[in-house]
1. What percent does the relative contact order of the chain come to when contacts are Cα pairs within less than 8 Å and at least six residues apart?
2. Assuming a ≥ b ≥ c are the square roots of the Cα gyration tensor eigenvalues, decide whether the stretch 95-205 counts as rounded (a/c under 1.5), prolate (otherwise, with a/b larger than b/c) or oblate.
3. For the stretch 209-345, with the dipole built from +1 on Lys and Arg beta-carbon atoms and -1 on Asp and Glu ones, taken about the Cα centre, which of 240, 324, 277 lies farthest toward the positive end?
4. Can you give the charge dipole size of the stretch 168-310 about its Cα centre, rounded to the nearest 20 debye, using +1 on the beta carbon of Lys and Arg and -1 on the beta carbon of Asp and Glu?
5. Rounding to the nearest 10 and keeping the result within 0 to 90°, find how far the Cα-based axis of helix 291-305 lies from the longest principal axis of the chain.
6. Rounded to the nearest 0.05, what FRET efficiency do residue 287 and residue 88 give with R0 = 41 Å and r taken as the Cβ-Cβ distance? Could you check?
7. From Cα pairs below 8 angstrom and at least 6 apart in sequence, can you work out the relative contact order of the stretch 309-386, rounded to a whole percent?
8. If you take all C-alpha pairs in the chain, what percent of them are over 31 Å apart?
Amino acid sequence: MKFPRTLLPVSALLVVAAIMTGCGGGGATNSRGVPGQPPPPPTGANYTTCQDNAGNSQLVPNFLSSQFQTNYQNAIGNLITHVSHAPYAAQVGYIRIGLGRGGEINLPNGWNNSSSGVCYGGYFKWGYTAGSPSATWDQYLAGMLSFEGSLNSPKQLLVSITPISSSGIETDDYIAPIAVQNGISYGNQGLQASDITAFGTGGACGGDWCKLFQQSPPVIKELQTIGQSCPQGAGACTSQQQSSTGPLPPLLQFATGVGGSGIPIVPAPGNDLELYYQDWLIAYDPTDPDNGTYGAAYKSAIEAASAHATMQVLFPDPSNPDIPTYVLSQSSVTGVVIDVDWSDIQPTSAGSFDWTITDASIQRWISAGAKKVNLVFQNTTYAGNNCGQNSIGSNGQSSSGNCAMPAWMWTVLQ
């Protein structure tokens, strides 16, 4: 198998080190002895300011820049090497690498909206277009998928298919077959009640997964609910994402191709379903406030779905003891999906990467009883200015509004 044997090419390390020093990064050091970085300015040659999902200012990169892609590809190659040789390697299920915002392929809010000011100004200046095969964003995604395929990763890689603002599902339709050609699976992180209605009336599911799973079938057909479910019914919860998700039982019947009363049968169903941990607690935790009313129906739906798909606990809260106690012990649970920020993985003075935070996050869930741990790597958060301490995102810069972008990557984009 072909994948990098060194943790970072020497030439790339020298470039990163030189730029860090030139930008004033050689002064203060963090707890691991890595040169600390000053907060980046509001805009730079290859990043600008947009709004996150909470309406806060957030620094976001120019993904098309050669500096970004070179450093990101080096980091991805090191990721594959590290995870494939780690003591926990056998328990890693898949790795989904965010190529845009979050662990997905989205562009920042306002990238194509002239009223967004410097956000639109940056992405307009950099020549961003999306939708057609010749669009710059589509070509960037295709190039990154080709690079990932060239690594011949022993762990299954995934990419997101999510609608891009201004281009709808055109980008998803373009990259899905490219992903499969490169041995990469794909999935949609927006499973919701409207998918049932859309498919039943001849429309497209989110990210066009209903059609793409049939036309370009990946090894893993991943589906993640857009939010935790709304047991009371679609539209009945105060949270928009919960209301959009709707109740879990009909969604699982639809996603697994079982169908039912008023639920059409999708020809190529998902075979990997990811449910927010709160929904697992409704099904299995007797202390959950919704368990008494909805627990039996949720438990039955989850266990029926597990006959057709692997079932993952999505973004479990490490501080919640009910998850190991009531959820991970269930035979219906295949594994967990955890978020990993690229800022967690810092270059060291010895010329490698420090994987302490990521390794500890993976080991935590293995020790808690997870059969598999699936990894979602993000370089740009959807929201969040509090980077925390000594855990996921804690190496990020709260001042940037993007805890996932590592300091060394911000530096090369200045």
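The numbers here are math on the coordinates, done by the rules we state, and not lab data. Fair warning: this is a prediction, and the values are worked out from it, not measured in the lab. So basically every Cβ, Gly included, is an ideal-geometry build from the backbone, and we count neighbours across all protein chains shown.
1. 18
2. Numbers: a/c = 1.91, a/b = 1.12, b/c = 1.70.
Because a/c hits 1.5 or more and a/b fails to exceed b/c, the stretch 95-205 counts as oblate.
3. 240
4. Here the size comes out at about 240 debye.
5. Once rounded, the angle reads 80 degrees.
6. 0.85
7. It rounds to 33 percent for the stretch 309-386.
8. Here the tail beyond 31 Å accounts for 38 percent of pairs.
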